[in-house]
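Asks: One structure, as structure tokens, below. Some questions next.
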Amino acid sequence: MRITRVSGAVHLATGTNVNWALVTDGDAVTLVDAGYPNDAKALFASLEQIGRRPEDVQAILLTHAHLDHLGGIPAFRSRHEVPVLTGAEEARHARREYLEQITPLQMLRQCTSRSGLRWVGQTLRAVMPHLSLSLTDVTAVPADVALDVPGGLVPIATPGHTSGHTAWLMPSAGILFTGDALISAHPLSRLATGPQLIPEVFNEDDAAMVRSLRNIADLPADVVVPGHGPAIHGPLPELVAKALSTAGPGIR
């Protein structure tokens, strides 16, 4: 696990090829996402590294319900019960009323390259044997309404990667937690580090993802904390434009 200070109140933690964020307000903490199931020890360690305890966490905000983002939540809740908040559609996904996720066949197809084979191995070690995780207790929140949680984060609907994908805006710090709507690196990406779309194999609707990015370009943020890759700094319209330039010509 690697942890990076993004601002005075925000730390970015990286587990197995995925990030989660810790937003502090005094001793209180909001977690944004929670890594893979087998990243749970690293999740607890990230809190300890910034001088906090699981009991200090007031809420977990979920960008989307893929296993690399919700995986650590059951283990965390077994130690400290805490509400999990996300958009209404993604709450349904988290409860597994339906499933939008890379399939075993799609994963197998990644094994044709050395980087893909490495990613598959790392992913299986991070997930097994927890392939069927779901959250039975998750709270749906309306978009664009600030929450009473440490950091005062605002849910921003960003469908595309999943049907209910939700980004989180921290207006007080000008930080946007983008989950997988906008990333800066990925083991399966052929691009250098920088604003980009996650590889298409992971997305439910590429065209919707592009529309969501265009819709967030004017948000008051100049720091992006993504679900994969390092934090990126700069005017949000420029970051979004650079990310959109990485999209395939058929979905721009």
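The values are calculated or read from the model by the stated rules, or taken from the named source; none is laboratory data. Source: prediction; values computed, not measured. Cβ placement follows ideal geometry from the backbone for every residue including glycine, while neighbour counts extend to all protein chains displayed. To get the accessible areas, we keep the full protein, side chains included, count just its heavy atoms, and leave off ligands, DNA and RNA. Shrake-Rupley method; radii C 1.70, N 1.55, O 1.52, S 1.80 Å.
Asks: Can you pull out every residue in the range 72-115 that is in contact with a strand residue (DSSP E or B) (Cβ under 9 Å, 6 or more places away or on another chain) and over 25 Å from T158 (Cα atoms)?
Replies: F76, R77, H80, listed by residue number.
Asks: Another question about this same structure. Could you check V138 against (1) surrounded by fewer than 18 Cβ atoms within 10 Å (Cβ to Cβ); (2) on the phi < 0 side of the Ramachandran plot and say which number it fails?
Replies: That leaves (1) as the condition not met.
Asks: Then there is this: In the range 154-224, which strands (runs of 3 or more DSSP E) lie fully inside it and hold 2 or more residues that are open to solvent by less than 20 Å² (accessible area, probe 1.4 Å) and out of contact with any Leu (no Cβ under 7 Å at 6 or more places or on another chain)?
Replies: Output list reads 175-179.
Conditions tested, residue by residue: (1) open to solvent by less than 20 Å² (accessible area, probe 1.4 Å); (2) closer than 24 Å to M1 by Cα.
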site	(1), (2)
E90	yes, no
R95	no, no
Y98	no, no
S115	no, yes
T123	yes, yes
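Asks: When residues of the range 32-56 are filtered for being among the polar types (S, T, N, Q) and touching a Gly at 6+ places or on another chain (Cβ under 8 Å), how many remain?
Replies: The qualifying residues number 1.
Asks: Another one. Quick check on my filter: what residues within the range 10-67 are of a type in the set (F, W, Y) and surrounded by fewer than 24 Cβ atoms within 10 Å (Cβ to Cβ)?
Replies: Of everything in the range 10-67, just one residue is of a type in the set (F, W, Y) and surrounded by fewer than 24 Cβ atoms within 10 Å (Cβ to Cβ), namely F44.
Asks: Sticking with this one: Restricting the range 1-52 to residues that are in contact (Cβ under 8 Å) with a residue 12 or more places away in the chain and of a type in the set (D, E, K, R), which is farthest from V82 (Cα to Cα)?
Replies: Among those residues, the one meeting the criterion is R2.
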